[in-house]
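The values are calculated or read from the model by the stated rules, or taken from the named source; none is laboratory data. The structure presented is a predicted model; accordingly, all values stated were derived computationally and were not measured. Virtual Cβ from ideal backbone geometry, glycine too; neighbours counted across all protein chains shown. SASA here: full protein model, heavy atoms, side chains in, ligands and nucleic acids out. Shrake-Rupley method; radii C 1.70, N 1.55, O 1.52, S 1.80 Å.
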Amino acid sequence: MKRLLQSIKNLKNSKIKNLVDTRLREFKEIGNGSSNEIFEELCFCILTANFNAERSMKIQRQIGDGFLSFSKPDLAKKLRELGHRFPNTRAKYIVDARKHKNSLKDIVKTFNDDNELREWLVKNVRGIGYKEASHFLRNIGYTSFAIIDFHIVDVLTKHNIIKKPKVLTKRKYLEIEDLLREIAGKSNVNLAELDLYLWYMETGKILK
């Protein structure tokens with residue numbers, strides 16, 4: 001773990017910190033935005049499941065308000081044209097999630113416990129698991145969850161902190177999240193910051 005902690009420290013002392021800080025401010029702006037903006041971020045996170053985050057960002061930009069209004073067939077067609085791996089399933093999930101569109105901003109504010117909020121998202125929004133719920137909450141300004149995808153798993157595996165799991169169950173997800181919380185504490189960052197630093201270490205990019 002020492003080698004990983006040193007790598008994080010080096011990034012915090014580099015120009016990458018400015019990029020991370022800028023991205024975190026952008027997340028808070030989304031969280032303070034309109035119900036539509038928050039819902040569109042949820043749609044982005046639905047798109048990222050078992051798919052490339054950078055390509056999902058491009059799709060999000062091109063569809064824009066279409067997430068709010070396209071019919072299921074039209075949305076599936078657009079996703080297919082833009083190269084999404086699962087156009088029909090993701091269109092179905094997004095259209096189904098619209099029942100929460102107008103209330104989503106208020107719903108996230110009703111929970112005093114962030115963990116209960118994440119559980120609500122997993123149980124009530126189809127296509128959202130722990131990774132996607134954590135991703136969504138991070139992207140609207142929450143800082144207490146880890147987004148555990150294969151990039152993060154690979155970083156931890158390379159540093160001999162975990163053995164690469166065959167399946168990321170809820171129990172394993174929470175177990176790895178606790179390890180990341182420990183790393184974040186030792187690095188004096190929150191989990192949202194840590195995710196961006198680890199992503200940069202693995203990909204050379206600061207995305208969202």
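Filter segment 101-127 for residues that are in contact (Cβ under 8 Å) with a residue 40 or more places away in the chain and among the aliphatic types (A, V, I, L, M) and give the result. Matches in segment 101-127: L104, V108, V125.
All of V108, V122, V95, V155 fail the test of being under 22 Å from L4 (Cα atoms) and in a helix (DSSP H, G or I), apart from V155.
Yes/no matrix, rows are residues, columns are (1) touching a residue at least 60 places away in the same chain (Cβ under 8 Å); (2) of a type outside the set (D, E); (3) surrounded by 15 or more Cβ atoms within 10 Å (Cβ to Cβ); (4) in a helix (DSSP H, G or I):
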position	(1), (2), (3), (4)
K17	no, yes, yes, yes
V20	yes, yes, yes, yes
E26	yes, no, no, yes
I30	yes, yes, yes, yes
I38	yes, yes, yes, yes
F44	yes, yes, yes, yes
E54	yes, no, no, yes
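Conditions (1) within 17 Å of the chain's Cα centre (by Cα); (2) surrounded by 18 or more Cβ atoms within 10 Å (Cβ to Cβ), marked per residue:
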| site | (1), (2) |
| --- | --- |
| T110 | no, no |
| R126 | yes, no |
| S144 | yes, no |
| P165 | no, no |
| E175 | no, no |
| W199 | yes, yes |
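Taken as a whole, segment 145-152 holds at least one residue that is over 25 Å from E116 (Cβ atoms) and either assigned to a loop (DSSP other than H, G, I, E, B) or in contact with an Asp or Glu (Cβ under 8 Å, 6 or more places away or on another chain) (or both). The condition (being over 30 Å from N36 (Cα atoms), of a type outside the set (S, T, Y), touching a helix residue (DSSP H, G or I) at 6+ places or on another chain (Cβ under 7 Å) and buried (at least 20 other Cβ atoms within 10 Å of the Cβ)) is satisfied by just one residue among A192, A184: A184. Among the candidates K28, K58, the residue that is within 20 Å of the chain's Cα centre (by Cα), at pLDDT 95 or above and under 28 Å from R85 (Cβ atoms) is uniquely K58. For segment 150-163, a residue qualifies if it is without any contact (Cβ under 8 Å) to a residue 60 or more places away in the chain and open to solvent by 30 Å² or more (accessible area, probe 1.4 Å), and the qualifying residues are F150, H151, D154, T157, K158, N160, K163.
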